[in-house]
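Following: one structure in structure tokens, then a few remarks.
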Amino acid sequence: MIPGADDPSPRRIIHIDMDAFFASVEQRDNPALRGRPVAVGGSSQRGVVAAASYEARVFGVRSAMPSVTAARLCPDLIFVKSRFEVYRAVSQQIREIFADYTPLVEPLSLDEAYLDVTDHLPDGMTATAIAKQIRARIRQVTGLTASAGVSYNKFLAKLASDQNKPDGLCVITPDRGPEFVLKLPVGKFHGIGPATAAKMQAMGLHTGADLRAQSLEFLTRRFGKAGRYYWNISRGVDFRRVSPDRIRKSVGAENTFAADLMTLDQADQALEPLAAKVWTAVARHELQGRTVTIKAKFSDFQQVTRARSLGHPVASETELLTIARDLVRIVLPDPRGARLLGITLSGFDVPDDGPEQLDLFA
Ligand SMILES: [Mg+2]
């Protein structure tokens, strides 16, 4: 069967993604930055790149990369402090544009959203025509470019928006969907993180075709509930609905160290970039969390977690780091040494009904 085509209720999904969002806003507002390699984020020893302009990406600079690494890759890199209040205002502008087309808008972050326009197509208008209109309006209103993907499910729409970036449009029709995922490396699949991708590669599963060759039974045995999702997406099938109220439950970052950490001083240092990474994501996703959890894995692979819930949302990166350092003192130092540390923020002030978790791997 052709998924989507034979689906009793095929959807028309658009994924909109602003191009190098934070960096583009900075280049828009400061002409001196245009055409230059720009990184949004702190340049300090423990800073992390929150976003990189396309000129910086040429050098291999990527978001979530330590600033020190970025500066080494691109010596002329210009670091700019983030201005989340401006990014939030632009985000509000694009969401107002989305709302003119459908109530079914699911934001993934400040600069990205799924739109389901299936039941909201004006007479004679296709989803592709709407995507074109939205891109034009975003440019007109914000002075920034967005890329759009159009397809019959979320998974393929998101893949599509990435195809012709920046300032691109890509449509994946139901007859092309299953074919499209065959050559795709598993690491490019949305929903397959770096850890899972590594696990798959170790099993000889490198592409969509490799995944498709496995039975549903095999994939669920190896990957649990996610196995069915992998089985589906390797066929271009994705039944997830665009849900405007989808909520993230937690944001976490963790790092496995080349050498086990033996002292509190080492742990304190290791927690700093993790807190920076979590905080960047928290700001980007407009979240306010009250529960801080730290995780430590010892050299014998025993794992412990410790958590603290506050009466108020964690207010700053400094507060997050301070609490994490307090918590780590409950479990460290330990003669076994810590091979991994992680920080998670949860307890967001929103209805708690979504399965979504955002993992950031160092
Ligand atoms: Mg983007």
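What's the number of the condition residue 57 fails, among (1) modelled with pLDDT of 95 or more; (2) within 27 Å of residue 136 (Cβ to Cβ); (3) away from the ligand (no atom under 15 Å from the Cβ)?
Unmet for residue 57, out of (1) modelled with pLDDT of 95 or more; (2) within 27 Å of residue 136 (Cβ to Cβ); (3) away from the ligand (no atom under 15 Å from the Cβ): (3).
Filter the helices (runs of 4 or more DSSP H) completely within region 158-238 down to those with at least 2 residues that are within 25 Å of residue 105 (Cβ to Cβ).
Hits in region 158-238: 177-182, 226-233.
Could you give every pair whose Cβ atoms fall below 9 Å, whose first residue belongs to region 59-71 and is of a type in the set (D, E, K, R), and whose second residue is buried (at least 18 other Cβ atoms within 10 Å of the Cβ), counting only separations of at least 6 or pairs across chains?
Correct list of pairs: 62/49; 62/52; 62/56; 62/70.
For the structure I just gave you, tell me whether residue 256 is closer than 30 Å to residue 319 by Cβ, under 21 Å from the mean Cα position of the chain (by Cα) and surrounded by fewer than 18 Cβ atoms within 10 Å (Cβ to Cβ). Give the derivation first.
Working: closer than 30 Å to residue 319 by Cβ: yes; under 21 Å from the mean Cα position of the chain (by Cα): yes; surrounded by fewer than 18 Cβ atoms within 10 Å (Cβ to Cβ): yes.
For residue 256, the condition - closer than 30 Å to residue 319 by Cβ, under 21 Å from the mean Cα position of the chain (by Cα) and surrounded by fewer than 18 Cβ atoms within 10 Å (Cβ to Cβ) - is met.
Filter region 25-75 for residues that are part of a helix (DSSP H, G or I) and either more than 23 Å from residue 86 (Cα to Cα) or open to solvent by less than 30 Å² (accessible area, probe 1.4 Å) (or both) and give the result.
Once the filter is applied, which keeps residues that are part of a helix (DSSP H, G or I) and either more than 23 Å from residue 86 (Cα to Cα) or open to solvent by less than 30 Å² (accessible area, probe 1.4 Å) (or both), region 25-75 yields 25, 26, 27, 33, 56, 67, 68, 69, 70, 71, 72, 73.
For residue 89, work out the one condition from (1) open to solvent by 20 Å² or more (accessible area, probe 1.4 Å); (2) free of Cβ contacts under 8 Å to residues at least 40 places away in the same chain; (3) away from the ligand (no atom under 16 Å from the Cβ); (4) not in a helix (DSSP H, G or I) it doesn't fulfil.
(4)
Would you call residue 102 over 18 Å from residue 190 (Cβ atoms), open to solvent by less than 50 Å² (accessible area, probe 1.4 Å) and either β-branched (Val, Ile, Thr) or without any contact (Cβ under 8 Å) to a residue 12 or more places away in the chain (or both)?
Yes.
Answer yes or no: is there a residue in region 220-230 that is closer than 24 Å to residue 157 by Cβ, among the hydrophobic types (A, V, I, L, M, F, W, C) and either modelled with pLDDT of 90 or more or open to solvent by 20 Å² or more (accessible area, probe 1.4 Å) (or both).
yes
Is it the case, given these coordinates, that residue 218 is aromatic (Phe, Trp, Tyr) and in contact (Cβ under 8 Å) with a residue 24 or more places away in the chain?
No; evaluated as a whole, the condition is false for this residue.
Confirm whether residue 275 is open to solvent by less than 30 Å² (accessible area, probe 1.4 Å) and either of a type outside the set (Gly, Ala, Ser) or at pLDDT 90 or above (or both).
Judged against the criteria, residue 275 is a match.
What are the residue pairs meeting all of these: first residue in region 161-173, first residue closer than 20 Å to residue 235 by Cβ, second residue modelled with pLDDT of 95 or more and part of a loop (DSSP other than H, G, I, E, B), Cβ atoms under 8 Å, and 6 or more apart or on different chains?
172/152; 173/152
Quick check, is residue 138 out of contact with any Lys or Arg (no Cβ under 8 Å at 6 or more places or on another chain), in contact (Cβ under 8 Å) with a residue 12 or more places away in the chain and away from the ligand (no atom under 16 Å from the Cβ)? Break it down stepwise before answering.
Values: out of contact with any Lys or Arg (no Cβ under 8 Å at 6 or more places or on another chain): yes; in contact (Cβ under 8 Å) with a residue 12 or more places away in the chain: yes; away from the ligand (no atom under 16 Å from the Cβ): no.
The answer is no for residue 138.
Can we say residue 241 is farther than 27 Å from residue 331 by Cβ and not in a helix (DSSP H, G or I)?
Here the answer is yes, as residue 241 does meet what is asked.
Checking residue 24 against (1) free of Cβ contacts under 8 Å to residues at least 40 places away in the same chain; (2) within 14 Å of the ligand (Cβ to nearest atom): exactly one of these is not met. Which one?
(1)
Condition check: open to solvent by 20 Å² or more (accessible area, probe 1.4 Å), closer than 21 Å to residue 273 by Cβ, part of a strand (DSSP E or B) and more than 16 Å from the ligand (Cβ to nearest atom). Does residue 79 satisfy that? Step through it out loud before you land on a result.
Details: open to solvent by 20 Å² or more (accessible area, probe 1.4 Å): yes; closer than 21 Å to residue 273 by Cβ: yes; part of a strand (DSSP E or B): yes; more than 16 Å from the ligand (Cβ to nearest atom): yes.
Yes: the conditions hold for residue 79.
The values are calculated or read from the model by the stated rules, or taken from the named source; none is laboratory data. Worth saying up front: this structure is predicted, and the values here are computed from it rather than measured. Using ideal geometry, Cβ is built from the backbone for each residue, glycine included, and neighbour counts are taken over all protein chains shown. Heavy atoms of the whole protein, side chains included, go into the accessibility calculation; ligands, DNA and RNA do not. Shrake-Rupley method; radii C 1.70, N 1.55, O 1.52, S 1.80 Å.
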